[in-house]
Amino acid sequence: MPRLIGLSGDDPRAVLDGIRHALDGGPALGLGMLDDVRAEAPDGTAAVIATSGSSGIPKRVVLSAGALRASARATAARIGQGRWLLALPAGYVAGLQVLVRSLLAGTDPVMLEGRFRPEAFAEATRAAAGGGDGLYTSLVPAQLATLLDAADEDTGVLDALRAYRAVLVGGQALPEPLRDRAADAGIRLVRTYGSSETSGGCVYDGLPLDGVTVRAVDGELRISGPMLADGYLGDEELTARVFLRDADGTRWYRTGDLGLVEDGVVRVHGRADNVIVSGGINVSLDRVERIVRRIPGFAGAVVVGIPDPRWGEASVIVAARGEELRRSEAEQLERARDAVAAEIGRHARPARLILVDELAALPSGKPDREAVRRLVSELRRTD
């Protein structure tokens, strides 16, 4: 069993050099595992990604060279291949896959330096466009929103976004208003669904990539395909619980996401464990959040659950202050409550709105839901 080379993932060039060797049979990378370099990975491993996601539960996902290559090849078959711009942390699977796709395409990835800024994105895009290859990049919704806001004032940013043959957007649900803004601006978005356990996105715009099968079992989405992770390093129990084999020997990944597959199209409803019981009725916080995010001013809002003395549990909206939200906090909350009641029912209406200067985020760009929950709990104790 090969030893891991521990990397923080903060230096994308070090990750690029490491994954190049790992794909060719060299030492495996332990991304986010600087304190665990003694760990050993199974033969064939290219990378182990240490991640807690937004749940706060640490996992070390084992990805083979074959799984990473299968994912990259399936992406190229669906959207084409060319030159990629890395705008995400290389220590996360979406950023790592930008590097793997570049290596398999024989192109040099363009890397943003330092903090993500629209001006830097536009400058890097112009530099990448000089190579003559088709351009691709991968973003999370928060980055896309930042770029679209900047594009309203800076045509250089808008031109940069329009230069991409495809802009993959994943990591969390893409709010409809944000998707509509991008479409109106002439930006070619591709919504992706996947996780570290599937070597990144494996469903594009609702359609599984070649070689991927998705089915719903008791409302939970399960995925099979050559890009599945080998399991979790050092946790055989979790591996056995999450990765199953059916009677035919096919290996399936239990996503923990609720959803369905209709006419071959995958529809994700939210996390199976992100549910509260309010007044004896189950309420999906992911579904409430999707409805809330359609309302102007709430595109990046996070909805979390809290104990409620009357109903058992209730939901709270946490959103960053903005022009739309400066008008009337009570009015905005009522709009959200009405929208949720109309689509789900009165029992699902959020109980409160909390405005913050800036929403806590993980390095990947996703909302840090554990930090948001802690903030809400602290505010409740001081009320």
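Throughout, read-outs are computed from the coordinates displayed, never taken from laboratory work. Model, not experiment: these values are computed from the prediction. Neighbour counts run over all protein chains shown; Cβ positions are idealised from the backbone, glycine included.
Checking a compactness column here: for segment 4-196, what do you get for Rg(Cα) / (2.2 N^0.38 Å), N being the number of residues?
Details: Rg = 16.6 Å, N = 193, 2.2 N^0.38 = 16.3 Å.
Computed over Cα atoms of segment 4-196, the ratio equals 1.02.
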**Message:** Can you compute the FRET efficiency between Arg13 and Asp154 using 1/(1 + (r/R0)^6), with r the Cβ-Cβ distance and R0 = 22 Å? Round to the nearest 0.05.
**Reply:** 0.20
**Message:** Given contacts defined as C-alpha pairs under 8 Å and at least six residues apart, what's the relative contact order of segment 274-382, whole-number percent?
**Reply:** 24
**Request:** Note down the nm distance, to one decimal, between modelled labels 7 Å out along Cα→Cβ at Arg179 and at Ala76.
**Result:** 2.9
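Relative contact order for segment 4-196 using alpha-carbon pairs under 8 Å, separation at least 6, rounded to a whole percent?
Relative CO of segment 4-196 lands at 16 percent.
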**Item:** Helical mean residue ellipticity (222 nm; -39500 (n - 2.57) per DSSP H run of 4+; nearest 500) of the chain
**Value:** -10000 deg cm²/dmol
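For a footprinting-style exposure proxy, rank Phe121, Phe243, Phe298 by other Cβ within 10 Å, fewest first. Could you put the intermediate results ahead of the total?
Values: Phe121 23, Phe243 18, Phe298 26.
Ranking Phe121, Phe243, Phe298 by Cβ neighbours within 10 Å, fewest first, gives Phe243, Phe121, Phe298.
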**Request:** Could you tell me which label, among (i) 58, 52, 40; (ii) 58, 53, 45; (iii) 56, 49, 44, carries the value of Cα extents along the principal axes in Å calculated for this structure?
**Result:** (ii)
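If you take every DSSP beta bridge fully contained in the chain, what fraction is antiparallel? Give it as a percent rounded to 5.
Working: 44 of 68 bridges.
Around 65 percent antiparallel, to the nearest 5.
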**Request:** Starting from the Cα-Cα distance between Arg162 and Ala240, subtract it from 0.36 nm times their residue separation and give me the gain in nm to one decimal.
**Result:** 23.7 nm
**Item:** His347 versus Ala127: modelled label distance in nm, points set 7 Å from Cα along the beta carbon direction
**Value:** 5.6
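Considering only DSSP beta bridges with both partners in segment 4-196, what is the antiparallel share in %, to the nearest 5?
On the way: 6 of 25 bridges.
Roughly 25 percent of the DSSP beta bridges within segment 4-196 come out antiparallel.
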**Prompt:** What residues qualify as long-range amide H neighbours of Leu139, i.e. H under 5 Å apart, gap of 5 or more or another chain, H built at 1.01 Å from N?
**Reply:** Leu168, Val169, Gly170
**Item:** 3J(HN,Hα) from dihedral phi, segment 228-237, Karplus parametrisation 6.51/-1.76/1.60, rounded to Hz, x for glycine, proline
**Value:** 5, 5, 6, x, 10, 4, x, 9, 5, 5
**Fill in**
Expressed in angstrom and rounded, the centroid-to-centroid distance over alpha carbons for segment 296-322 and segment 325-357 is 8
**Prompt:** What ³J(HN,Hα) values, in whole Hz, does the Karplus curve 6.51 cos²θ - 1.76 cosθ + 1.60 give for segment 240-256 when θ = phi - 60°, with x put for Gly and Pro?
**Reply:** 5, 6, 8, 10, 10, 10, 8, 4, 8, x, 6, 8, 10, 9, 7, 6, x
**Fill in**
Place a point 7 Å from the Cα of Ala371 in the direction of its beta carbon; the residues of segment 266-302 whose amide N falls under 19 Å from it are 299-302
**Fill in**
The long-range amide H neighbours of Ala28, using H built 1.01 Å from N in the peptide plane and a cut-off of under 5 Å, are Ile5
